[in-house]
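Report on the following structure.
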Amino acid sequence: MRPARYVVAALLVAAGLVPRLGAQVVDADSAFTLGDFAKARALYEQVLASDSSNERALYRLALLDSWDGFLDRSLARFARVRQLDPANPDLMVAQARALSWAGRTGPAIALYDSALAQDTGRVDALAGRAQSVAWAGDLDRAEALWRSALAGHPDDPSLLVGLAQTLYWKGEPGLARSYVDRARTLAPDDPTARQLQRDLHAAVRPDVGTSVTGAGDSDHETFYAQDLWISGALFRDVRGTLTGGWRHDGDPLRSDNSYGIAGVVATALGPTVGARAGLGVRRLESDSGNHTPLTAQLGFSWQPAAATALSLAYSKAAFDETAQLLEHGFTIDNLDFEVDLDPKPAISLSGAAGATWFSDGNRRFSGLLSALGGLGHGVSVGVLGRMMGYRIPNRGNGYFSPDRFTVLEARAIYNLRRGPWGLRADGGLGGQQIDAGGTAPWQSEWHLTAVLSRGWNGGEITLEGLYTNAAGASTVGAFRYHSLTLAVHQGI
């Protein structure tokens, strides 16, 4: 006895419906290819109304449902079409992607493995598996999978972006930036190309966002700030960002405001080198007078090896971190050098050195070293050391300026990914020494940072909180400092 679907097909042929259905499928496929997804959906639905087992219509509708966020309906359709064609690797990968977006990372990884058993070099399956492992919370294993995939496909943009996202979640922005720069030089600029993963589209298409921050310390210094930005491609391989912001600083005696606008352009100078430059202006308004200093930035990043990233950056900014500082109209010039090393997926090393020149003649030099080792299941532990030294010919200008500030601490980081949700907790416990003219005693030091995020196709919302007694966290050297930031961005 023939399967039921062949019987149905024979009846449709007898009724003269097959040619009409075939034409509808062709029209639907054409609309889908051209990006007219509303028309494609309507046509595929008409096909299913006449033939509920049409494999093409089920597959494309399942894809459209997953892209539009109707994941339960998408998975139900994928289950039906997989019954019709259980060994089709394209269906396996598409269903696995929808499962991963729905937070069912275990079944998704198993399906990706099944597709890779048929074709070990299939890029979308390699990328999907690594992404699902990252969303399941095992960032070290995910990083290893991304790197293994890139060994066979070193110039694939989706793999580069996937590794960059995982490194960003692990708290390694230097390495992450270098991989994103490489991806942007290699990604196709065809607006109809939809074969790259959604993460890549989110990284290169226009993006708008805003963040709101409130902070205070035990010296009763407070500030509230809001920043807005829009970012997008200006030319091929050149991305521009326009930012605007407002800040309100207050203390028991005064409250002042500052406003600013700036533009930044970033480009890749080659496969491993990136550059950015920006210019802006900041308006400082207070009872003692107004100031309008220019702001600027210039930076270079270089990835000399797969697990190494270097960056050098200069910036000129208004020193408006407290109400008293804002009244003086100070500016600061910063020069920063950073290096990130990732010799193994479970080990990361970082170093930084910086110099700051204040417009009142004071200077500051700083250095930082840190090491982290992954223990699995999203947990990393390590150590951090930081030192700042000041040259202070002019004291008493309203900001924290000891001769030397030193911190040594043990750190623990926890990263959790569950589908679109993410949680990162970073805690440290150690000692700090604040020396102003003599040998100061060591004191306890601690900090706790937590970041909760929720992503969707092309956007993300994050809530970040910080609480610490580290003197270096506050411009006035207060021993309790807290901040809360809410940020939202959305790809256009």
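Toward the positive end of the charge dipole of the stretch 206-491, about the Cα centre and with charges on Cβ (Lys, Arg +1; Asp, Glu -1), which of S311, G430, H248 goes farthest?
S311
For the chain, what is the convex hull volume of its Cα atoms per residue in Å³?
147 Å³
Evaluate the distance, in nm, between pseudo-label points positioned 7 Å from the Cα of S315 and of L228 along their respective Cα→Cβ axes.
2.2 nm
Relative to the Cα centre, what is the charge dipole magnitude of the chain, using +1 at the beta carbon of each Lys and Arg, -1 at the beta carbon of each Asp and Glu, and rounding to the nearest 20 debye?
The calculation lands at about 1240 debye.
What list of ³J(HN,Hα) values in whole Hz, one per residue of the stretch 214-225 in order, does the Karplus curve 6.51 cos²θ - 1.76 cosθ + 1.60 (θ = phi - 60°) give from phi, with Gly and Pro shown as x?
In residue order, the calculated couplings are x, 8, x, 9, 6, 8, 6, 7, 9, 8, 10, 8 Hz.
Order 79-85, 124-130 from most to least packed using the mean count of other Cβ atoms within 10 Å.
Ranking the peptides 79-85, 124-130 by packing returns 124-130, 79-85.
Report the Rg/Rh value for the stretch 199-317, based on alpha-carbon coordinates and the Kirkwood definition of Rh.
1.07
Each label point is 7 Å from the Cα along the Cα-to-Cβ direction; what then is the distance between the points at L279 and L48, in nm?
Using points 7 Å along Cα→Cβ, the separation is 5.5 nm.
Relative contact order of the stretch 206-491, please, whole-number percent, based on alpha carbon pairs below 8 angstrom and at least 6 residues apart.
For the stretch 206-491, the relative contact order is 13 percent.
Bin all alpha-carbon pair distances of the stretch 206-491 at 5 Å intervals from 0 and give each bin's fraction as a whole percent.
1, 5, 9, 12, 16, 20, 17, 11, 6, 2, 0, 0
Find the relative contact order for the chain and round it to a whole percent, using C-alpha pairs within less than 8 Å whose residues are 6+ positions apart. Walk me through the numbers before you get to the answer.
On the way: 1131 pairs, mean separation 48.4, N = 492.
This gives 10 percent for the chain.
Placing unit charges on C-beta atoms (Lys and Arg positive, Asp and Glu negative, everything else neutral), compute the dipole magnitude of the stretch 206-491 about its Cα centre in debye, rounded to 20. Walk me through the numbers before you get to the answer.
Numbers: 21 positive and 27 negative charges, 147 e Å.
In debye, rounded to 20, the stretch 206-491 gives about 700.
What are the equivalent ellipsoid semi-axes of the stretch 277-368, built from the alpha-carbon gyration tensor (square roots of five times its eigenvalues), in whole angstrom, biggest first?
The equivalent ellipsoid of the stretch 277-368 has semi-axes of 34, 14, 10 Å.
Starting from the alpha-carbon convex hull of the stretch 50-137, give the projected area averaged over all orientations, in nm².
5.3 nm²
Please compute the length gained on full extension between E55 and R391, using 0.36 nm multiplied by the number of residues separating them and subtracting their Cα-Cα distance.
Full extension from E55 to R391 adds 113.6 nm.
Between L369 and D29, what is the spin-label point distance in nm, taking each point 7 Å from the Cα along the Cα→C-beta axis?
6.3 nm
Just order 441-448, 330-337 by mean Cβ neighbour count inside 10 Å, highest at the front, would you?
Sorting 441-448, 330-337 by mean packing, highest first, produces 330-337, 441-448.
Once you list every other residue whose beta carbon is under 9 Å from the beta carbon of G422, what net charge do they have if Lys and Arg are +1 and Asp and Glu are -1?
Net charge in that neighbourhood comes out at +3.
Excluding residues fewer than 8 places away in the same chain, name every one of the lysines whose C-alpha is closer than 30 Å to that of K170.
Straight-line reach from K170, under 30 Å: K316, K344.
Let me see the pair-distance distribution of the stretch 90-139: every alpha carbon pair, 10 Å bin width, integer percents in order.
In whole percents, the pair-distance histogram is 34, 57, 9.
No lab work stands behind these numbers, since they all come straight from the coordinates. Quick caveat, the model's predicted, so the values are computed rather than measured. No Cβ is skipped: glycine too gets one built from the backbone with ideal geometry, and neighbour counts run over all protein chains shown.
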